[in-house]
Every structure is written in structure tokens, then in C-alpha cells.
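The values are calculated or read from the model by the stated rules, or taken from the named source; none is laboratory data. As the structure is a computational prediction, the values presented were derived from the model and not from experiment. Cβ placement follows ideal geometry from the backbone for every residue including glycine, while neighbour counts extend to all protein chains displayed.
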2 protein chains.
Amino acid sequence: MQNFVWETPARVHFGKGVIEELPEEVARFGRRVLLAYGGGSIKRIGLYDKIRELLKDCEIVELTGIEPNPRVESAREGAKLCREHDVDVIVSVGGGSVLDCSKLVAAAAKYDGDAWDLVEKNELAGECLPIIAVMTLAATGSELDAGAVISNLGKKRKLPFMHGPTFPKAAFLDPTYSFTVPAWHTACGASDILSHVMEQYFVLDANPIADGFCETMMRVVVEETPVALTEPDNYDARAALMWASSWGCNGLLSLGNGPSAWACHAIEHEISAYYDVTHGAGLAVVTPRWLRRSMTAETAPRIAHFGARVFDLAPTGDVMEDAERAVRALEAFYAKIGMPADMEALGVPDTENVDAMAEGAFTAFPLHLAMKPLEREDVKAILLDAFRK
Amino acid sequence: MQNFVWETPARVHFGKGVIEELPEEVARFGRRVLLAYGGGSIKRIGLYDKIRELLKDCEIVELTGIEPNPRVESAREGAKLCREHDVDVIVSVGGGSVLDCSKLVAAAAKYDGDAWDLVEKNELAGECLPIIAVMTLAATGSELDAGAVISNLGKKRKLPFMHGPTFPKAAFLDPTYSFTVPAWHTACGASDILSHVMEQYFVLDANPIADGFCETMMRVVVEETPVALTEPDNYDARAALMWASSWGCNGLLSLGNGPSAWACHAIEHEISAYYDVTHGAGLAVVTPRWLRRSMTAETAPRIAHFGARVFDLAPTGDVMEDAERAVRALEAFYAKIGMPADMEALGVPDTENVDAMAEGAFTAFPLHLAMKPLEREDVKAILLDAFRK
């Protein structure tokens with residue numbers, strides 16, 4: 001078991017109706033609020049009106065229209081609003097994209113320069129505005145971490161922005177807000193949660209506590225996602241997915257393990273940067289191919305163990321066969337929840353950018369730390385394989 | 001899934017050598033330190049000298065000789081020292097008893113009255129001195145909660161003291177400090193950890209995430225305790241137990257479940273209050289009997305599920321039989337790690353105080369919330385049964 005430091009700054013409010021506590025959390029920081037959100041979904045479900053009513057004694061300025069795969073332009077605009085209105089606290093309402101954008105806003109508002117500088121050089125970030133996260137989608141787990149992913153389509157870059165002070169001070173998780181999330185986004189969110197866990201689970205030095213946490217979360221995603229898809233207002237299924245999503249990146253799943261490479265995220269971010277695909281869908285295309293490319297005598301027992309623990313696969317006596325069966329079970333799960341199986345289904349037309357993507361994947365992720373260390377040729381092979389049916 | 005609020009104020013430093021960060025944590029609060037510890041074990045392992053060296057720039061006053069089942073007298077003495085020396089921060093070094101005493105010291109130092117008042121009426125407690133916990137024993141998990149258990153042998157009372165501000169600000173968990181813990185205390189600690197999990201696991205409204213966490217922790221205790229007993233300096237076994245112990249009471253194991261009764265703790269505290277037995281040993285005597293007394297058509301599936309998940313017992317088709325086998329597997333585990341099986345082995349001579357203990361068990365615990373609600377007759381029957389071989 002490796003050494004670690006663990007700290008969770010956020011106070012989590014979980015369950016139906018917890019939004020009533022929002023004014024109290026906001027008041028900890030002041031009364032000038034940047035209200036950040038995406039499109040109209042929070043208006044359709046009545047959450048926008050509810051929050052405006054709850055915060056009626058605050059001065060509110062709005063940052064709206066934050067896009068999926070949030071872009072640096074939105075963060076620049078948010079930072080400008082924060083400076084102009086001397087904002088005390090950011091209330092981020094939506095999914096991980098809104099929250100990721102809010103994190104860069106929080107840092108850029110206190111930075112005397114361009115927001116993209118902070119993404120390219122995380123160490124330039126300093127003090128941040130406090131963030132309160134109200135989640136409407138179970139996916140990124142950004143509410144319990146200090147990381148964001150920001151896209152710069154002009155530069156064809158999608159990069160992580162990691163900075164401790166962006167960890168939200170409070171998070172509101174009301175599963176009923178996710179009842180109206182469409183099937184596609186529910187499934188993409190589930191794929192993202194599952195990937196977050198797998199990225200931390202597929203290491204060769206795991207400890208039994210971390211393994212138990214990871215296996216719990218993976219089983220929950222595998223069992224509850226189909227329920228949420230067929231019964232969108234099943235509270236317990238939505239609740240389990242929402243709480244699992246918060247665990248994806250909160251650090252607890254890998255405490256005591258060595259570092260993870262986050263290989264599938266590295267590769268998928270490149271696909272998103274070039275083709276603006278939905279992150280969870282891209283992960284479903286990449287992950288089985290990454291597992292097959294990583295399958296060696298050393299790693300197969302781990303992949304087979306995953307199959308046994310998450311999909312209840314009985315060992316055959318041949319560990320390579322068991323590992324292959326585990327990957328097939330994962331593919332079957334993706335198919336069951338409607339995820340694409342290849343690049344064509346994902347909407348990537350051709351192999352034109354494969355070399356550039358294979359190079360880009362190494363920019364921000366330690367791919368040499370993957371359970372089978374990855375070279376550029378490995379990433380290229382994974383990407384090319386994704387064009388095969 | 002039930003609503004919840006979750007917050008973890010402590011920064012956890014886990015692993016070999018992490019004590020080096022102690023001066024930095026202390027400096028957050030000041031330089032006048034109450035150093036609280038028990039007997040000589042921290043001197044034997046060199047930890048006392050190490051801490052005095054690390055804190056050589058602090059003014060240190062010592063509270064020593066804190067006993068197992070810590071007594072209100074020690075807390076009174078500690079509070080007096082804190083007031084006399086205008087202490088800024090308490091550094092608690094030892095197991096849960098030292099830390100529990102430190103928690104009452106932290107509150108009593110700021111309370112204008114007798115420390116026992118705070119135990120009898122927790123709501124009288126207000127502001128507290130900050131506490132930094134350095135753990136040498138895997139057992140109570142007191143480092144990640146806001147609770148303590150304090151004994152008043154004069155009054156034959158052993159009662160919980162629950163007060164939010166006593167949650168430690170930082171915790172140092174170095175598994176190597178537990179290498180020299182004798183087998184008896186290692187096993188009693190393991191029994192305590194297992195009980196903390198079981199108290200939260202045996203409910204009828206569990207959710208799958210809480211279940212996964214609980215089953216992980218119970219399996220870790222069952223698998224790693226025998227390793228730690230035969231190889232006392234097995235780092236990974238000691239580390240797994242130490243981290244599991246921190247999870248026993250940190251609240252995460254039951255998030256989203258309804259309230260727990262903590263029935264075995266209620267009953268064991270009475271035995272300890274009358275006979276000063278070691279808590280974990282008392283729990284091993286009480287728990288199987290509580291499970292059998294609680295076994296009904298409604299609860300048996302839950303007990304059987306425990307047997308399947310924790311002890312890998314295959315279902316027989318008869319759920320009452322499966323539940324009974326699960327209890328027998330638990331008894332076998334207790335026997336394997338050297339826990340007593342009955343009151344005589346525990347050192348309780350006769351049934352003289354059974355009525356008083358059965359009454360006392362209801363003082364501080366909501367036993368009507370147990371999975372089979374407990375009446376006084378149930379508690380009496382459990383206690384009497386413990387005198388049978």
C-alpha cells in the first residue's frame with residue numbers, strides 16, 4: 001500500500017430537496033454570485049427559477065450557454081464578468097462541462113492574463129473564487145475533485161486543468177434533477193463514470209480496499225444504468241449513478257495504489273479535440289481496444305479479475321481467455337446501453353488525424369505508467385483499430 | 001437511498017514516515033501544544049522522542065497515563081492543563097482511548113463546568129480546541145469521526161460523547177507504529193473494526209454503494225487480521241487494517257442508508273462499564289448472540305447475504321439455515337483470532353448486574369431502530385445467553 005494524503009474540502013448535500021440549503025452555503029462566501037449554466041435544461045426542469053428564488057437576496061450575474069466539452073472562450077467571458085461585478089462565489093448548475101468551465105473561471109478571475117495560459121501551464125494558477133456545484137447529470141464527478149478539462153478548438157487541444165483551490169466548497173446532488181436527462185446522455189455519463197473507475201482499477205499494485213471500492217462502483221454502473229434507461233425516474237437507480245459519479249474522481253478509489261495513467265482519457269480527449277464527440281461515447285470506443293492492446297501475461301490476470309468481479313464471469317482455467325471474455329462482457333455492456341462500437345458510429349469520418357492524435361495523447365498524461373506502458377505506436381494502433389468493425 | 005450530508009474535516013496523512021508533516025499541521029493552529037498519550041508504548045517504539053524532536057520549537061505540556069476505556073478524570077486533568085497553559089492545539093498520540101479522551105479535553109477546556117456534564121448532555125458542548133490525531137492502533141476509527149466514548153466508573157457509566165467540532169483536523173496513520181501492538185490488542189482492534197461495519201451493515205434499507213463499502217471492509221478485516229497476527233510486521237496487512245479502522249466510523253459506510261441502532265455497542269458498553277473489559281473482546285461475545293436474537297423471516301436474508309459476501313458461503317436454499325451458517329462463520333473467525341466466546345472467557349463472573357446492564361443499554365442508543373427492534377427483554381436474553389457455553 002502506497003503512502004497518500006487525503007482531503008475532501010467539499011460538503012456534500014445529497015438527496016431530493018437538498019437545494020434548500022443553497023442560500024446557507026452561498027452566504028459563507030458573500031452575496032455577489034456568478035450563476036453559471038449551459039443551455040435551457042435547468043429552466044425546463046424548474047431548477048433555474050428555484051435557484052433564482054432561493055438566492056433572491058443575492059446580486060446575480062449570469063454566465064450562460066456553456067457548451068459540452070467546455071471551451072476556453074466561455075471561461076474568458078466568465079472571468080471578465082467576475083472581475084467586472086466583483087463576484088464573491090460561483091454557483092455552477094449543470095453537468096461536468098459547466099462545472100469544469102466554472103473551475104477555469106474561478107482561477108482566471110484572479111489571474112492577470114489569458115485563461116488558456118492556465119490550462120497550458122497549470123502552475124500559473126493561484127488564488128481562486130470559491131465554487132458551489134449543483135449537479136444535474138451523473139458523469140464527470142467534477143464536483144469532488146480539483147480538475148477540469150477544457151477545449152480550445154482553434155488549437156485542436158483538449159487539456160486537463162488541475163488546481164487544488166478549484167475543488168468545490170459544497171456540492172448539491174439531487175438525483176431527481178437527472179430524471180429528464182435523455183437516454184443518450186445518461187448512457188454517455190455512465191460510460192464516463194465506468195471509465196473513471198477503470199482508469200484507476202487497471203494497475204498492477206492495487207490494494208484490497210481500493211479494489212473493493214472500485215468493484216462496488218463498477219457493479220453499480222453495470223447494474224443501475226439499464227434501470228435508469230428503462231425507468232428514467234427510478235430514484236434509486238438515478239441516486240446510485242449520481243453518487244457513483246461523485247466517486248469517480250474523488251481520489252478515494254485509488255488511495256494507496258500507485259499512479260494511474262488515465263490512458264483511455266488521454267486518447268479520447270484527442271478524439272474530442274478533433275471531432276467534438278461526446279466524451280463517454282468516445283471512451284466506449286477506446287476502452288475495449290486499449291484493454292486488448294494492453295493484454296499480456298502480466299496484465300491478463302488483472303483483466304480476468306475484473307471480469308470475475310464486475311461481470312460474475314467464472315474462470316475457465318485459461319487466464320488469457322478469461323481476460324478476453326472480460327473485454328467482451330464490457331463490449332456487451334456498452335452495446336446494451338447504446339454506446340457506439342467504432343469510429344464510424346462515433347461520427348469520426350476517416351483516419352486523417354490519427355498520427356496527430358497519437359502524438360497529442362502524450363501531452364498531458366503519463367502513458368508510460370499504464371499497466372502496459374504505452375508508446376506512440378500503441379496509441380496509433382488503438383485508434384486505427386477503432387476504425388475496424 | 002436516503003438523503004445525507006457528508007463532510008470530512010480531517011486531512012489524512014497515510015503511510016510510513018508521514019509523521020514528518022506533523023510540524024506543518026501543528027503550525028496551522030499555534031505553538032502551545034497539549035501532548036496526550038497513554039502508557040509507555042509510544043516511548044518504546046521511539047515515537048515519543050520523534051514527536052518531541054519534531055515539535056522542538058513548540059511549548060509542550062503533557063497529559064499522560066490515559067487509560068483504556070478512558071475515564072472522565074483524565075479529561076478533567078487535561079482540560080485543566082489546557083486552561084493553565086493556554087494551549088492552542090491537542091496532539092493525541094495512541095489508540096482510540098487516547099483520542100477519545102482528547103476529544104473531551106478539547107471541549108471541556110472551553111467549557112465552564114465539569115467535563116462529565118458534557119458527556120451526559122452533549123448539547124452543552126460548544127467551541128473546542130483543535131485536535132491532531134497520531135494513531136498507533138487500528139481499532140476505533142475515532143480519527144475520522146466526531147465521537148468519543150467516556151467511562152465514569154464511579155457512576156458505572158460508559159457513554160458516547162458526540163460533538164461535531166471534536167472531529168480531528170488532521171490524522172497521521174503510519175502502519176509501522178502498529179507493528180508492536182500485541183496479538184490480543186490487534187485482535188480486539190480487528191473485532192472493533194468489524195463491529196463498526198456490522199452495526200451499519202445490518203439494516204433493512206441498505207443501498208448497493210454502502211453495501212459494497214461495508215463488504216469490502218469486512219472482507220479486509222477477515223482476511224488481513226490473521227496475517228497481522230502471524231506476521232506482526234507485515235506492512236500491507238497492518239496498512240489495510242489501519243485504513244479499514246478509519247472507515248469504521250467515518251460515516252461513508254452508511255451514507256444513504258437509514259439510521260443504525262449500534263445495538264452491540266450499546267450492550268457492550270454496559271459490560272465494559274461494569275467490568276472494564278476490552279471493548280473488542282466484549283463485542284465478540286455479544287455480536288453472534290445479537291444476530292441470533294435478531295433472526296426472523298425478515299432479517300434472515302440480510303444475515304445470509306452477509307455470509308455469502310463476507311465468508312463466501314454458498315446458499316443452501318434454506319435462508320434460515322444460511323443465516324445460522326453466517327453466524328457460525330463469524331464465531332469461527334472470532335475463535336481464529338483468539339477472541340473470547342462467552343462471559344466466563346471475557347472475565348465476567350456472574351449474572352448479578354444483568355438487569356441493570358439491560359436497562360443501561362437503552363440510555364444512549366436507539367435500540368428500537370435495530371433491524372429487529374430490541375426490547376429490554378431482548379437485551380437481557382442476549383446477556384444471559386452469553387453466560388452459556
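Couple of notes before you dig in:
- Restricting the stretch A:1-26 to residues that are closer than 20 Å to A:Pro165 by Cβ and assigned to a helix (DSSP H, G or I), the residue that is farthest from the other protein chains (Cβ to nearest Cβ) is A:Val26.
- For the stretch B:337-356, the count of residues that are under 21 Å from B:Ser260 (Cβ atoms) and buried (at least 21 other Cβ atoms within 10 Å of the Cβ) is zero.
- Scanning the stretch A:170-177 for residues that are in contact with a strand residue (DSSP E or B) (Cβ under 8 Å, 6 or more places away or on another chain), over 27 Å from A:Leu367 (Cβ atoms) and either hydroxyl-bearing (Ser, Thr, Tyr) or more than 14 Å from chain B (Cβ to nearest Cβ) (or both) turns up at least one hit.
- Enumeration of residues in the stretch A:36-49 that are touching an Asp or Glu at 6+ places or on another chain (Cβ under 9 Å) and surrounded by fewer than 17 Cβ atoms within 10 Å (Cβ to Cβ): A:Gly39, A:Lys43
- All told, A:Arg289 falls short of being within 14 Å of chain B (Cβ to nearest Cβ) and assigned to a helix (DSSP H, G or I).
- Sole exception among (1) under 18 Å from B:Gln200 (Cα atoms); (2) exposed (fewer than 15 other Cβ atoms within 10 Å of the Cβ) for B:Glu377, by number: (1)
- Residues satisfying the stated conditions in the stretch A:68-112, i.e. surrounded by fewer than 24 Cβ atoms within 10 Å (Cβ to Cβ) and polar (S, T, N, Q): A:Asn69
- Tabulated pairs, the stretch A:205-233, first more than 10 Å from chain B (Cβ to nearest Cβ), second of a type in the set (D, E, K, R) and part of a helix (DSSP H, G or I), C-beta under 6 angstrom, 6+ apart or interchain: A:Ala228/A:Arg238
- Any chance A:Ser294 is over 21 Å from the mean Cα position of the chain (by Cα), more than 11 Å from every other protein chain (Cβ to nearest Cβ) and among the hydroxyl-bearing types (Ser, Thr, Tyr): yes
- Qualifying positions in the stretch B:292-320 - without any contact (Cβ under 8 Å) to a residue 24 or more places away in the chain, part of a helix (DSSP H, G or I) and of a type outside the set (A, V, I, L, M, F, W, C): B:Pro301, B:His305, B:Gly307
- So B:Leu118, is it farther than 20 Å from B:Gly39 by Cα, in contact (Cβ under 8 Å) with a residue 12 or more places away in the chain, touching a strand residue (DSSP E or B) at 6+ places or on another chain (Cβ under 9 Å) and of a type in the set (A, V, I, L, M): yes
- Helices (runs of 4 or more DSSP H) contained entirely in the stretch A:46-125, each with at least 2 residues that are β-branched (Val, Ile, Thr): A:96-108
- The set of residues in the stretch A:227-252 being over 11 Å from A:Leu144 (Cβ atoms) and buried (at least 20 other Cβ atoms within 10 Å of the Cβ) consists of A:Ala228, A:Ala237, A:Arg238, A:Ala239, A:Ala240, A:Leu241, A:Met242, A:Ala244.
- Residues satisfying the stated conditions in the stretch A:28-45, i.e. touching a strand residue (DSSP E or B) at 6+ places or on another chain (Cβ under 9 Å) and either part of a loop (DSSP other than H, G, I, E, B) or free of Cβ contacts under 8 Å to residues at least 60 places away in the same chain (or both): A:Arg28, A:Phe29, A:Gly30, A:Arg31, A:Arg32, A:Val33, A:Leu35, A:Tyr37, A:Gly38, A:Gly39
- Taken together, B:Leu35, B:Leu22, B:Leu47 contain a single residue that is of a type outside the set (S, T, N, Q), modelled with pLDDT of 95 or more and touching a Leu at 6+ places or on another chain (Cβ under 6 Å), which is B:Leu22.
- Selection within the stretch A:159-197 - crowded, with 24+ Cβ neighbours inside 10 Å, closer than 15 Å to A:Val93 by Cβ and not aliphatic (A, V, I, L, M): A:Pro168, A:Phe172, A:Tyr177, A:Ser178
- Number of residues in the stretch B:269-281 that are assigned to a helix (DSSP H, G or I) and more than 17 Å from B:Val221 (Cβ to Cβ) equals 7.
- Residue identified as surrounded by fewer than 18 Cβ atoms within 10 Å (Cβ to Cβ) and touching a Cys at 6+ places or on another chain (Cβ under 9 Å) among B:Val61, B:Val26, B:Val33: B:Val61
- Residue check: B:Ala237 meets all listed conditions (1) more than 14 Å from every other protein chain (Cβ to nearest Cβ); (2) more than 29 Å from B:Met357 (Cα to Cα) but one, namely (1).
- Residue check: B:Ala146 meets all listed conditions (1) out of contact with any strand residue (DSSP E or B) (no Cβ under 8 Å at 6 or more places or on another chain); (2) free of Cβ contacts under 8 Å to residues at least 60 places away in the same chain; (3) away from every other protein chain (no Cβ under 12 Å) but one, namely (1).
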